[in-house]
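Here is the structure we will look at, set down as structure tokens.
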Amino acid sequence: MFGRKEANGKQRNSALEKGEIKAFLGPGSHFEGKMAFDEIVRLDGAFRGEITSRDTLIVGETADIQAQVLVGTLIVSGKIRGNIKAVSRVEMRAPAQIDGDVETPSLIVEEGVIWNGQLIMKQGEKSKKNEAGVLPTP
């Protein structure tokens with residue numbers, strides 16, 4: 001969904017230029033197994049298994065994902081069946097279809113998204129820090 005214009009005419013995803021994507025699974029591709037990565041990855045094909053990363057996963061409109069997802073940030077416009085945990089943020093963009101629970105400190109859901117699942121929101125690590133910048137003791 002690169003270059004998609006918002007109502008005010010501004011480009012969305014300017015920080016996620018195509019050149020920043022380090023791996024891409026295109027439409028018509030099928031992959032099964034465990035995927036782990038450290039930089040931005042975009043999936044537009046079919047994937048089954050587990051996905052783990054500290055960075056950003058972009059799930060395009062043509063993607064069909066059946067996986068447990070643990071990432072830093074998730075931007076989804078396609079289909080995901082499985083539970084999702086994102087450390088920073090989850091963005092669900094139309095026409096996304098998600099069947100599974102989501103755990104994230106920040107959630108954005110566009111009109112037109114279909115989502116069946118539960119939401120767990122916990123404060124992010126940055127929010128838990130006190131004014132001195134120190135995490136509170138448990």
Quick one: in the range 11-54, of everything that is modelled with pLDDT of 90 or more and basic (Lys, Arg), which residue is farthest from LYS79 (Cα to Cα)? ARG54
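Mind checking whether some residue in the range 79-91 is of a type outside the set (A, V, I, L, M) and buried (at least 21 other Cβ atoms within 10 Å of the Cβ)? Steps first, answer last, please.
Of all residues in the range 79-91, those of a type outside the set (A, V, I, L, M) come to 79, 81-83, 85, 88-89, 91.
Filter again for buried (at least 21 other Cβ atoms within 10 Å of the Cβ), leaving 91.
Within the range 79-91, one or more residues are of a type outside the set (A, V, I, L, M) and buried (at least 21 other Cβ atoms within 10 Å of the Cβ).
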Can you name the condition, by its number, that PRO105 falls short on among (1) part of a strand (DSSP E or B); (2) in contact with a helix residue (DSSP H, G or I) (Cβ under 8 Å, 6 or more places away or on another chain)? (1)
A careful count of residues in the range 66-111 that are hydrophobic (A, V, I, L, M, F, W, C), without any contact (Cβ under 8 Å) to a residue 60 or more places away in the chain and touching a Lys or Arg at 6+ places or on another chain (Cβ under 9 Å) gives 13
Only residues that are outside any strand (DSSP E or B) and free of Cβ contacts under 8 Å to residues at least 24 places away in the same chain: list them for the range 47-62, please. ASP55
Being among the charged types (D, E, K, R) and within 16 Å of ALA94 (Cα to Cα) is the filter; apply it to the range 52-67 and report the residue that is surrounded by the fewest Cβ atoms within 10 Å (Cβ to Cβ). GLU61
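The values are calculated or read from the model by the stated rules, or taken from the named source; none is laboratory data. This structure is a prediction, so every number in the text was calculated from the model and none was measured. Here the Cβ is made from the backbone with ideal geometry for all residues, glycine too, and neighbour counts use every protein chain on show.
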